[in-house]
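Accompanying notes for the structure given below.
The values are calculated or read from the model by the stated rules, or taken from the named source; none is laboratory data. All figures in this text were calculated on a predicted structure; none of them were measured in a lab. Backbone-built Cβ (ideal geometry, glycine too); neighbour counts: all protein chains shown.
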Amino acid sequence: MFETIQQLLRSRMDDDTVAMRYDDRSWTWREHLGEAAAEASALIALTDPSRPMHVGALLGNSPAMLRSMAAAALGGYVLCGINTTRRGQGLAGDIRRADCQLVLVDGEHKPLLDGLDLGGATVLDVEAPTYLEAVASAEPLVPHREVEGVDPVVMLFTSGTSGDPKAVRFAHAMGVLCGASLAERFALTPDDVCYLSMPLFHSNGVAAGWTVAIACGATMVPAKFSPSRFLSDIRRYGATYMNYVGKPLALVLATPESPDDADNTLRAAFGNEATERDIDEFAKRFDCRVVDSFGSSEFAVVVMREDGCPPGSIGKGYPGVSVYHSDSVTECATAVFDDHGALANPDEAIGELVNTYGVGGFTGYYNDPVATDERMRHGMYWSGDLAYKDTDGWIFLAGRTADWMRVDGENLAAGPVERILQRLPAVRLVAVYAIPDEHVGDQVMAALVLNEPLTPDDLTKFLDAQPDLSPKAWPRYVRINADLPQTATNKILKRELIAQGVTAGDGELWEREPRGRTYSAISVR
């Protein structure tokens, strides 16, 4: 087995099978990696060897992005994936924090850098004739360094759902391991086609997409995710494998259904954060296998669904994964459920998902020691995710650590309430979060995106019929929107919803009467 992606890609440099397809063009592995090696040579010649060789990539999912990733691996330097949805000082801060000497851009994203302080980084337009000529005339590649397994191949920023994004280093050995394990899990070969529509600047796009394709020599199809174009793309390219993160399955399922949806080449979808309903409906509608897992962007906590996984659970953790109280640094009690299936001991059972074995593949956030120390406490990795575990070891998410709510003196977590609301067929997307109570503590608020019409009376009847829903967990306010603020990886930005307070945005706002169970629409305030 190869120890580094550098070694793995070198083994494919004389391979004349198809490596990549984009629009009507295709590249063999020989062509793709030849271009990558030339780019690496050209960029190495432009950098200061006394400084970290970090190259930023502000690029969409395109041949240029895949070429730049392969170039970094072959050249022995680090490619820093820059979030294309970031703007202004946040975008500039990411580039400076990553110590980028160069920033690769395309015509679509180049204007985003106008007037920004990039800390002296040189911006290179990968579509400009001068750049293309420099790459075409580059000397044979002499790598910046011969890398080892622990060396990073890319640097990726977290999604930033609960704070500013942080830079995570993704090691060569981790890439080899991720790619090989998933290729084996789904029996992927060079005959397969990997549809890469999740952002390649994010951990899911790299670990569950790119590394899988290069591990087995499959064809890569870089694409921008589009629910309406999804099925036509699968058919056009003959895609057999896809990765996802966040809500893509739900977004695709919201498109009009056709009798021949199952007539496609897709065999497998792998990702995380899909609901059980979406997993089942997607697998049935498109006739494919869907495997959903849970993993932190830092690659330190991994939970995988297995056969027999009970409703609501995300699966069982890899060795070392447990649930701990952060204040006492002790393992949480096993979850106890009442006769209706509701969690009966939330204060004792809910805690933070940790890796008690240490930090796994996490080597610390780059240039952020404070955030690193927050994650790596007491010799363990603390994920920031709330969870609880039953007697058989099945893990249930309860939200982020910021998702604790104190309602009428009782602690509640957002995750279980969200899972209950997801049972309602009319609901496509849901976010549950706390808003301040006018007296003390919190009130529960829910934001919904619907598949079909829903009335306040419908919601009341549905909630009243859920035996495992605590009366205190009934949302006091419900906003109905056509969409919700999301990250580039389709994760709902609760902090933006919280900041908006008791408003409906561009939608409708419902209120439950105090101490009652009846909802009614109210004017936006």
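One table, with the values for the structure above:
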{"read-out": "Residue 142 vs. criteria aliphatic (A, V, I, L, M), assigned to a loop (DSSP other than H, G, I, E, B), touching a strand residue (DSSP E or B) at 6+ places or on another chain (Cβ under 6 Å) and in contact (Cβ under 8 Å) with a residue 60 or more places away in the chain", "value": "no"}
{"read-out": "Qualifying residue in the range 166-173 (condition: in a strand (DSSP E or B), within 30 Å of residue 374 (Cβ to Cβ) and either touching a Cys at 6+ places or on another chain (Cβ under 7 Å) or of a type in the set (Lys, Arg) (or both))", "value": "yes"}
{"read-out": "Candidate set from the range 298-323 (those that are among the small types (Gly, Ala, Ser) and in contact (Cβ under 8 Å) with a residue 60 or more places away in the chain); member that is surrounded by the fewest Cβ atoms within 10 Å (Cβ to Cβ)", "value": "312"}
{"read-out": "Top-ranked residue in the range 464-477 [being of a type outside the set (A, V, I, L, M, F, W, C) and part of a loop (DSSP other than H, G, I, E, B); ranked as surrounded by the most Cβ atoms within 10 Å (Cβ to Cβ)]", "value": "475"}
{"read-out": "Single residue of the range 214-233 satisfying the filter (free of Cβ contacts under 8 Å to residues at least 40 places away in the same chain and outside any loop (DSSP other than H, G, I, E, B)) that is farthest from residue 488 (Cα to Cα)", "value": "216"}
{"read-out": "Residues being at pLDDT 85 or above, small (Gly, Ala, Ser) and within 22 Å of residue 515 (Cα to Cα) - total across the range 399-421", "value": "2"}
{"read-out": "Checking residue 520 against (1) touching a Phe, Trp or Tyr at 6+ places or on another chain (Cβ under 8 Å); (2) surrounded by 17 or more Cβ atoms within 10 Å (Cβ to Cβ), the condition it does not meet", "value": "(2)"}
{"read-out": "Residue satisfying condition, being within 17 Å of residue 473 (Cα to Cα), surrounded by 18 or more Cβ atoms within 10 Å (Cβ to Cβ) and out of contact with any Phe, Trp or Tyr (no Cβ under 8 Å at 6 or more places or on another chain), within set 427, 440, 417", "value": "417"}
{"read-out": "The range 359-376 residues that are farther than 15 Å from residue 156 by Cα, paired with ones that are of a type in the set (Phe, Trp, Tyr) and in a loop (DSSP other than H, G, I, E, B) (beta carbon under 8 Å, 6 or more apart)", "value": "360/299; 375/362; 376/362"}
{"read-out": "Subset of the range 478-498 (residues that are assigned to a helix (DSSP H, G or I) and either touching a residue at least 40 places away in the same chain (Cβ under 8 Å) or surrounded by 19 or more Cβ atoms within 10 Å (Cβ to Cβ) (or both))", "value": "494, 495, 497, 498"}
{"read-out": "Selection status of residue 119, more than 25 Å from residue 5 (Cα to Cα) and in contact with a Cys (Cβ under 8 Å, 6 or more places away or on another chain)", "value": "yes"}
{"read-out": "Qualifying residue in the range 150-159 (condition: at negative phi, aromatic (Phe, Trp, Tyr), modelled with pLDDT under 95 and within 25 Å of the chain's Cα centre (by Cα))", "value": "yes"}
{"read-out": "Looking only at the range 447-463, and only at residues there that are touching a residue at least 60 places away in the same chain (Cβ under 8 Å) and either assigned by TED's automatic domain parsing to the domain that holds residue 340 or not in a loop (DSSP other than H, G, I, E, B) (or both), the one that is surrounded by the fewest Cβ atoms within 10 Å (Cβ to Cβ)", "value": "457"}
{"read-out": "Selection count where residues are of a type in the set (Val, Ile, Thr) and either on the phi > 0 side of the Ramachandran plot or not assigned by TED's automatic domain parsing to the domain that holds residue 154 (or both), scope the range 81-120", "value": "0"}
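Each row is one residue, and each column tells you yes or no for (1) more than 15 Å from the chain's Cα centre (by Cα); (2) among the polar types (S, T, N, Q).
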position	(1), (2)
184	yes, no
189	yes, yes
192	yes, no
195	yes, no
198	no, no
201	no, no
204	no, yes
214	yes, no
219	yes, yes
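A quick yes/no check of all residues on (1) touching an Asp or Glu at 6+ places or on another chain (Cβ under 6 Å); (2) outside the structural domain of residue 157 (by TED's automatic domain parsing); (3) farther than 30 Å from residue 95 by Cβ; (4) modelled with pLDDT of 95 or more:
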residue: 328; (1), (2), (3), (4): no, yes, yes, yes
residue: 338; (1), (2), (3), (4): no, yes, yes, no
residue: 342; (1), (2), (3), (4): yes, yes, yes, no
residue: 357; (1), (2), (3), (4): no, yes, yes, no
residue: 377; (1), (2), (3), (4): no, yes, no, no
residue: 384; (1), (2), (3), (4): no, yes, no, no
residue: 392; (1), (2), (3), (4): no, yes, yes, yes
residue: 395; (1), (2), (3), (4): no, yes, yes, yes
